[in-house]
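Here the structure is laid out as structure tokens; the discussion comes afterwards.
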Amino acid sequence: MKTLTIDIRKAEPHDADAIAEVHHTAWQGAYAGIIPHRALTAMVNRRGSGWWAQAIRRSATVLVVEIGGSIAGYATLGRNRARELPQEGEIYELYLKPQCQGIGLGSQLFKAAQELLAARGLKGLVVWALEENENALSFYIGAGGRDVAEGVEVFDQKALRKVAFIWN
């Protein structure tokens, strides 16, 4: 019997290729049919290995979840960017490879991100999700998030509503 380990850790520059692959497959899976094709393709293509390596070197906080040494997902996090919300921390992104979703890895990664923000003294947490991304909405509701605000993101002149979930 082979035992696979699950590890969550801060990303390092050598993880950039794997994170770029997760980003590509997760975003295509989550947003195809929601974000216009041209805008989605441009967004995904902008975030290749070089972009991720540079972000990590610039001290962006990126966590990765590994299964058996292979990166299955990532989260980016930091200070809340929405001044109208009092929560101090924000998870900007949390994505898993499609084949790694639904088995609890997202919950573990979410908890690790939440704990890291709290350890940095940031009280409360906000996460934004596109309203049409039903998987994300279900995930954040299931994680105990409260839907408290709405906003709009525009992609190739298509306005999409987004929802803010908070944890105090």
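The values are calculated or read from the model by the stated rules, or taken from the named source; none is laboratory data. Only a predicted model underlies this, so the values are computations on that prediction, with no experimental measurement involved. Glycine gets a Cβ as well: all are built from the backbone with ideal geometry, and neighbour counts include every protein chain shown.
Modelled with pLDDT under 95, of a type in the set (D, E, K, R) and closer than 25 Å to Ala149 by Cα: does that describe Glu84? Criteria met by Glu84.
A quick yes/no check of all residues on (1) surrounded by 14 or more Cβ atoms within 10 Å (Cβ to Cβ); (2) aromatic (Phe, Trp, Tyr); (3) within 18 Å of Leu40 (Cβ to Cβ):
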| residue | (1), (2), (3) |
| --- | --- |
| Cys100 | yes, no, no |
| Ala112 | yes, no, no |
| Arg120 | no, no, no |
| Gly145 | yes, no, no |
| Lys162 | yes, no, yes |
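Might you check whether a residue that is within 19 Å of Ala113 (Cβ to Cβ), in contact (Cβ under 8 Å) with a residue 24 or more places away in the chain, touching a Pro at 6+ places or on another chain (Cβ under 8 Å) and of a type outside the set (Phe, Trp, Tyr) occurs anywhere in region 4-15? Within region 4-15, not a single residue is within 19 Å of Ala113 (Cβ to Cβ), in contact (Cβ under 8 Å) with a residue 24 or more places away in the chain, touching a Pro at 6+ places or on another chain (Cβ under 8 Å) and of a type outside the set (Phe, Trp, Tyr). Do we find a residue being more than 21 Å from Glu153 (Cβ to Cβ), charged (D, E, K, R) and at pLDDT 95 or above anywhere in region 34-54? Checking region 34-54: not a single residue is more than 21 Å from Glu153 (Cβ to Cβ), charged (D, E, K, R) and at pLDDT 95 or above.
Residues in region 86-99 that are out of contact with any helix residue (DSSP H, G or I) (no Cβ under 7 Å at 6 or more places or on another chain) and closer than 29 Å to Ala32 by Cβ: Glu90, Tyr92, Glu93, Gln99. Before we move on, is Thr41 outside any helix (DSSP H, G or I), over 14 Å from the mean Cα position of the chain (by Cα), surrounded by fewer than 19 Cβ atoms within 10 Å (Cβ to Cβ) and at negative phi? The answer is no for Thr41. Against the conditions (1) farther than 24 Å from Asp7 by Cα; (2) under 15 Å from the mean Cα position of the chain (by Cα); (3) in contact (Cβ under 8 Å) with a residue 24 or more places away in the chain; (4) surrounded by fewer than 17 Cβ atoms within 10 Å (Cβ to Cβ), Asn168 satisfies every one except (2).
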